[in-house]
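Quick note: the coordinates plus some simple rules give every number you see, no bench work behind them. What you see is a predicted model; the values in this text were computed from it and never measured. Glycine gets a Cβ as well: all are built from the backbone with ideal geometry, and neighbour counts include every protein chain shown.
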Amino acid sequence: MANLEKSKTDKSQYDDIKIKWEDKCSTVLVGKTIKSVRYLYTAEKKDMCWTKRSLIIFFTDGTYIFPSSDDEGNNAGAFFTSIEDMEVIPAL
């Protein structure tokens with residue numbers, strides 16, 4: 001029974017973290033306008049110690065985002081989309 005109570009607590013903590021990050025991401029991303037996109041330059045890839053290059057999305061306010069294979073930044077990541085004929089934007 002203790003394991004069941006622990007799993008409920010873990011789920012509640014996970015939900016709280018998920019909501020926090022959804023709110024934070026919504027606050028900083030919703031309404032932004034994309035200025036340009038490109039893949040990392042070779043020098044940038046090397047600076048990151050990555051073997052692949054990911055797409056970077058630049059916004060008009062000077063900020064940008066790009067995917068990583070994990071939250072430690074161990075390699076470039078892919079974007080998965082709902083766009084027909086472009087389900088994945090790969091790391092190259």
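Please work out how much length the chain gains when fully extended from Ser12 to Arg38, using 0.36 nm per residue of separation minus the C-alpha to C-alpha distance, in nm with one decimal. Before the final figure, lay out the partial values.
Details: separation 26, 0.36 × 26 = 9.36 nm, distance 3.87 nm.
Result: 5.5 nm gained on full extension.
Any idea what angle helix 2-29 forms with the longest principal axis of the chain, computed on alpha-carbon atoms, 0 to 90 degrees, nearest 10?
30 degrees
From the alpha carbon gyration tensor of region 4-92, can you work out the equivalent ellipsoid semi-axes (sqrt of 5 times each eigenvalue) and give them in Å, largest to smallest?
Values: eigenvalues 166, 65, 39 Å².
Its equivalent ellipsoid spans semi-axes of 29, 18, 14 Å.
List the aspartates and glutamates whose alpha-carbon lies under 18 Å from that of Lys52, not counting same-chain residues fewer than 8 positions away?
Cross-link targets: Glu44, Asp70, Asp71, Glu72.
Please sort by residue number the trypsin sites (Lys or Arg not before Pro) in the chain whose DSSP state is loop and whose Cβ has at most 15 other Cβ atoms within 10 Å. Intermediate values should be presented prior to the final figure.
Numbers: sites: Lys6, Lys8, Lys11, Lys18, Lys20, Lys24, Lys32, Lys35, Arg38, Lys45, Lys46, Lys52, Arg53; in loops: Lys32, Lys52, Arg53.
In loop regions of the chain (DSSP not H, G, I, E or B), the sparsely surrounded trypsin sites (Lys or Arg not before Pro) are Lys32.
Subtracting the Cα-Cα distance from 0.36 nm times the residue separation, let me have the gained length for Ile65 to Glu84 in nm, one decimal.
Extra length from Ile65 to Glu84 when fully extended: 4.6 nm.
Gaussian network model of the chain, Cα springs within a sub-10 Å range: biggest mean-square fluctuation belongs to which of Asp61, Asp70, Asp16?
Between Asp61, Asp70, Asp16, it is Asp16 that shows the largest mean-square fluctuation.
Can you give me the long-range amide H partners of Ala76? Hydrogens built in the peptide plane at 1.01 Å from N, cutoff under 5 Å, separation of 5 or more residues or another chain.
Excluding prolines and chain starts, which carry no amide H, the hits are Thr51, Lys52, Ser69.
With each run of n ≥ 4 DSSP H residues scored as -39500 (n - 2.57), what mean residue ellipticity at 222 nm is computed for the chain after dividing by its residue count and rounding to the nearest 500 deg cm²/dmol? Mind showing how you got there, number by number?
On the way: 2 runs with 34 residues, N = 92.
The per-residue figure over the chain is -12500 deg cm²/dmol.
Quick one: which residues, 5 or more positions from Lys35 or on another chain, have an amide H under 5 Å from its amide H? H modelled 1.01 Å from N in the peptide plane, none for Pro or chain starts.
Residues meeting the amide H criterion: Phe58, Phe59, Thr60.
With springs only between Cα atoms under 10 Å, which of Ile56, Ile17, Ile65 fluctuates most in a Gaussian network model of the chain?
Ile17
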